[in-house]
Amino acid sequence: SRFLMILGRTTLATIVVAGGTFWYVTQKNRHPGKQLPLDSTKKTVVVIGSGWGATSWLRNVDNTEFNVIVISPKNYFLFTPLLPSVAVGTLSPRSILQPTRFVTRHKPRQVQVIEAEATDVDPVNKTVTFADNTPIKGAVSATTIPYDYLVYAPGAEVQTFNIPGIKEKACFMKELGDAERLQDRFMDCLESAAFPGQSDAEIDRLLHVVVVGGGPTGIEVAGEFHDFLEDDLKAWYPELAQHIRITLVEALPSVLPMFSKQLIDFTETSFKESKIDIMTKTMVKEVKDESVVLQMPDKSIVEVPCGVVVWAAGNRQRAITMNLMKKLGAEQDNRRGLLVDDYMQVKGSGGSIYAIGDVTATSYAPTAQVASQEGAYLARVFSQMGKKDALERRLADLRTEEAKALGTPEAAKAHSEEIESVSSALQKVKIRPFSYSHQGSLAYIGSEKAIADLPFMNGNIASGGVATYLFWRSAYLTTLFSLRNRTLVAVDWMRTKVFGRDVSRE
Ligand code: FAD
Ligand code: NAI
């Protein structure tokens, strides 16, 4: 009984300490301290975007020496790796969002956050034009502002290859609204299939989900839909569940080309067991209201009835980026995106525009991992530049004082010592080129299985299965930017495990 008493007390003490720490951290984050005001004598950095690249920059930068203005049509950061989980209700949409002001309110100097879409960048006059494209607008809804430096991170948009019907009839998986629209459309199909008198052929059509693109996005969406079917729909729609079919269409000979052969095989076998059809060497040619038109491996054309088409066929650059590339001239000749040097400076911009993330054409894949490392690197560059600016200003002030008579010999000595120390500090400010450190690739494939290609001792280890799934969950939980999001996602996972996913339509 003595042992039980000690155990009880230790447990209680642990709960009190952990609870107290949790409370202290959350409250400190909720009520950040005072910030320095914007300062017209400092240079202005305009940041375009609030995604992986921009948010990583904002989190890491020391903005004491700059006025920072963020422009993005979304006033939040979206944790894209968990977006497919929102589409089937495993996670609530708000659990994977972080308001940009939650980041900027913790910076040393105030940051201006503007919810607007940048429509034009003028690299000659160094200005950005932007507009409020939301339904409610004030008297002013478009304007142009100057910048000294531009951190350009608007990401990419969905590549449609101008295939007929994609934009109007398919669901994307890029923004939060896309996941919500997909959930709504699928639930609508399900309830329409439950409408009395529906023929079997019509039920089959309504409940056929076609996912286009065998990259990680398409694979994760198909895996999440399969979980929804197995864990929830079989219980709540028992008479319809057997009609639900998931087909993944991929133009290349295999899915997931960025993963090792072993993991591709593992995924294909797992999908087969889960009864997800994979159609490789098959290209979508058109999306119609009630079907998708496919070009089969033998080049024949087949029209497949379906209720939902999810389009996850990759990225292309946004119109604003294509225009900027044209304005920057001959140095920007890569259609994949903006060319940057080893310091993330945009070629042809004269050193005032930096670009990070999916908007760039580099040797790295367009991933969150790359964008966030580039953002953190560029933040260090700006912190160094700010430090350099401050030292240069101090040196100029000291030299001005020198021109005036310096009273006593002691004052003159102290003055020359300070000049020496500031000059030496200035020489130590070194800006190194960006280098990427690959932490591995991870993807969820459904049925509580994930795949991982991880760098290990100059080689790679490939792993797939339930243990990898637990690793996937813990890796994403730690990668989430804030304690608030980690808590919300963990609670959602628990809610789904205990109560299942919600099947009501809003
Ligand atoms: P984004 O994160 O897309 O951010 C762009 C920002 O710019 C957004 O805030 C947008 O609102 C804003 N913006 C757009 N247009 C304008 C404009 N005109 N003016 C101002 N602002 C603008 N990568 C991984 O490494 N691991 C994963 O597990 C992973 N999973 C993914 C899952 C899904 C479903 C998707 C779609 C992508 C996933 N990715 C993953 C890829 C990753 O999300 C991208 O590579 C990453 O978001 C790129 O970061 P970015 O900052 O360049 O662009
Ligand atoms: P993707 O470019 O990786 O894959 C798109 C796929 O669609 C390609 O395989 C392409 O062959 C196929 N496709 C294109 N047109 C088609 C057509 N008409 N018919 C049939 N198939 C067609 O795109 P995705 O998956 O959206 O990924 C984009 C980026 O985000 C990648 O860099 C990826 O690595 C990253 N990402 C990473 C994740 C992870 O690490 N877990 C998850 C999601 C995305």
*What net charge is computed for the residues neighbouring LEU256, neighbours being all others with C-beta under 12 Å from the C-beta of LEU256, Lys and Arg scored +1, Asp and Glu -1?*
-4
*Note down the magnitude of the dipole of the chain about its Cα centre, charges +1 on Lys and Arg C-beta and -1 on Asp and Glu C-beta and zero elsewhere, to the nearest 20 debye.*
1640
*Considering only the other residues whose Cβ falls under 13 Å of the Cβ of LEU426, what net charge follows from Lys and Arg at +1 and Asp and Glu at -1?*
+3
*Pick out, from LEU426, TYR364, HIS415, the residue whose Cα sits farthest towards the positive end of the charge dipole of the stretch 362-506, with +1 on the Cβ of Lys and Arg and -1 on the Cβ of Asp and Glu.*
TYR364
*All other residues with a Cβ under 11 Å from the Cβ of LYS275 taken together, and with Lys, Arg as +1 and Asp, Glu as -1, what is their net charge?*
-1
*Extension gain LEU7-GLU175, at 0.36 nm per residue separation less the Cα-Cα distance, in nm?*
55.6 nm
*For ALA201 and GLU273, calculate 0.36 nm times their separation in residues minus their Cα-Cα distance, and state this gained length in nm to one decimal.*
23.5 nm
*Determine the percent antiparallel among the DSSP beta bridges restricted to the chain, to the nearest 5.*
50
_Chain lengthening between GLN439 and SER192 when straightened (0.36 nm per residue, less Cα-Cα)_ = 84.5 nm
*Which one of CYS189, LEU252, HIS226 is farthest out on the positive end of the charge dipole of the stretch 176-290, using unit charges on Cβ (Lys, Arg +1; Asp, Glu -1) and the Cα centre as origin?*
LEU252
_How would the stretch 1-98 be classified by its alpha-carbon gyration tensor: rounded, prolate or oblate, with rounded meaning a/c under 1.5 and the a/b versus b/c comparison settling the rest?_
oblate
*Between PHE471 and ASN334, how many nm apart are label points set 7 Å from Cα along the C-beta direction?*
3.1
*Once you put a point 7 Å from the Cα of ARG394 and another 7 Å from the Cα of LYS299, both along the Cβ direction, what distance in nm separates them?*
7.2
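Taking square-rooted eigenvalues a ≥ b ≥ c of the alpha carbon gyration tensor, is the stretch 210-307 rounded, prolate or oblate, where a/c under 1.5 means rounded and, failing that, a/b exceeding b/c means prolate?
It comes out oblate by the Cα gyration axes.
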*Taking only Cα atoms, what is the 0 to 90° angle, nearest 10, from helix 261-273's long axis to the longest principal axis of the chain?*
40
*To the nearest 0.05, how large is the calculated FRET efficiency for PHE161 and THR408 if R₀ is 60 Å and r is the Cβ-Cβ distance?*
0.20
*Give the distance, in whole Å, between the Cα centre of the stretch 246-305 and the Cα centre of the stretch 176-193.*
22
*Using only the Cα atoms of the stretch 52-181, build the gyration tensor, take square roots of its eigenvalues as a ≥ b ≥ c, and label the shape rounded, prolate or oblate: rounded if a/c is under 1.5, else prolate if a/b is larger than b/c, else oblate.*
oblate
*All aspartates and glutamates inside 20 Å of LYS74 as judged from Cα atoms, apart from same-chain residues fewer than 8 positions distant*: GLU115, GLU117, ASP120, ASP132, GLU157, GLU175, ASP178, GLU180, ASP358
_Spatial separation of Cα centroids for the stretch 311-346 and the stretch 356-426, in angstrom_ = 29
*Unsatisfied cross-links (Cα-Cα over 20 Å) in the set LYS167/LYS449; LYS169/LYS285; LYS167/LYS327*: LYS167/LYS449; LYS167/LYS327
*May I ask which residue of HIS208, GLY337, GLN373 lies farthest towards the positive end of the charge dipole of the chain, with charges of +1 (Lys, Arg) and -1 (Asp, Glu) on Cβ and the Cα centre as origin?*
GLN373
*Within 10 Å of each residue's Cβ, count the other Cβ atoms and sort THR44, THR400 from fewest upward.*
THR400, THR44
_As a footprinting exposure proxy, order PHE456, PHE382 by other Cβ within 10 Å, with the fewest listed first._
PHE456, PHE382
*Near the amide H of THR360, under 5 Å away, which other amide H atoms are found, from residues 5 or more places off or on another chain, if H is placed in the peptide plane?*
LEU338
*So which aspartates and glutamates can LYS275 reach, going by Cα to Cα under 12 Å and dropping same-chain residues fewer than 8 places off?*
ASP227, GLU230
_Ranking of SER363, SER349, SER291 by count of other Cβ atoms within 10 Å, fewest first_ = SER363, SER291, SER349
*In nm, spacing of pseudo-spin labels at ARG484 and ASP184 (7 Å Cα→C-beta vector)*: 2.5
*asked:* Which order do the peptides 146-153, 79-86, 269-276 come out in when sorted by mean C-beta neighbours inside 10 angstrom, highest first?
replied: 79-86, 146-153, 269-276
*Charged-residue dipole, Cβ positions (Lys, Arg, Asp, Glu), the stretch 262-392 about Cα centre, Debye nearest 20*: 360
*Can you grab the distance from the C-alpha centre of the stretch 127-169 to the C-alpha centre of the stretch 1-50, Å, no decimals?*
35
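Estimate the FRET efficiency between THR26 and SER423 by the formula 1/(1 + (r/R0)^6), using the beta-carbon distance for r and 56 Å for R0, to the nearest 0.05. If you can, show how the numbers build up before the last one.
Values: r = 45 Å, r/R0 = 0.81.
Efficiency, from the Cβ-Cβ distance: 0.80.
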_With eigenvalues of the C-alpha gyration tensor scaled by 5 and rooted, the stretch 373-506, Å_ = 57, 21, 11
_Let's test the formula: R0 of 60 Å, r as the Cβ-Cβ distance of LYS34 and ALA241. What FRET efficiency results, to the nearest 0.05?_
0.60
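A short reminder: the numbers here are calculations on the coordinates, not readings from a lab. Everything numeric here is computed off the predicted structure, so don't read it as measured data. Ideal geometry is used to build each Cβ from the backbone, glycine not excepted, and the neighbour counts take in all protein chains shown.
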